[in-house]
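J.: Can you read through this structure? Questions will come right after.
The values are calculated or read from the model by the stated rules, or taken from the named source; none is laboratory data. Small disclaimer: the values here were computed from a predicted structure and weren't measured. Methodologically, a virtual Cβ is constructed for each residue, glycine included, from the backbone with ideal geometry; neighbour enumeration extends over all protein chains shown. We work out accessible area using only protein heavy atoms, side chains counted, and drop any ligands, DNA or RNA first. Shrake-Rupley method; radii C 1.70, N 1.55, O 1.52, S 1.80 Å.
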Amino acid sequence: MFLEKPDHVTVVVQDGDIVVSVADFYAVYYKPTNQPQLILRRRTDTDDHALLARACQAANDKARELGWIV
C-alpha cells in the first residue's frame with residue numbers, strides 16, 4: 001500500500017490553471033496571455049511563507065515544463 005507523505009507537493013493542470021496542493025493547502029495559478037509570469041488566482045489562507053514559496057516554485061516549474069514561461 002502506498003502512503004503519500006503529508007508534505008508531498010502535487011501539481012496538476014486543470015481548465016488552464018496550475019493547481020498546487022500540499023496536505024490541506026492549495027494554490028491556483030494562471031498565465032494571462034499579456035503577462036510574462038503566472039498570477040495567483042486563489043489559495044488556502046496560510047501564514048506559512050515556506051509553503052507559499054514551495055507552491056509558487058512548483059507552479060513555475062510546471063509552467064516552464066508546459067512552455068508557458070521561459
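J.: Please go through (1) open to solvent by 70 Å² or more (accessible area, probe 1.4 Å); (2) among the hydroxyl-bearing types (Ser, Thr, Tyr); (3) in a strand (DSSP E or B) for residue 33 and return the number of the only condition it doesn't satisfy.
T.: (3)
J.: So which pairs qualify, if the first residue must be in the stretch 26-49 and free of Cβ contacts under 8 Å to residues at least 60 places away in the same chain, the second must be acidic (Asp, Glu) and open to solvent by 60 Å² or more (accessible area, probe 1.4 Å), the Cβ gap must be under 8 Å, and the two must be at least 6 apart or on different chains?
T.: Pairs found: 44/24.
J.: Within the stretch 45-60, how many residues turn out to be touching a strand residue (DSSP E or B) at 6+ places or on another chain (Cβ under 7 Å) and open to solvent by 40 Å² or more (accessible area, probe 1.4 Å)?
T.: As a first pass, look at the stretch 45-60 and keep what is touching a strand residue (DSSP E or B) at 6+ places or on another chain (Cβ under 7 Å): 46, 51, 54-55, 58-59.
Still in the running and open to solvent by 40 Å² or more (accessible area, probe 1.4 Å): 54.
So the answer is 1.
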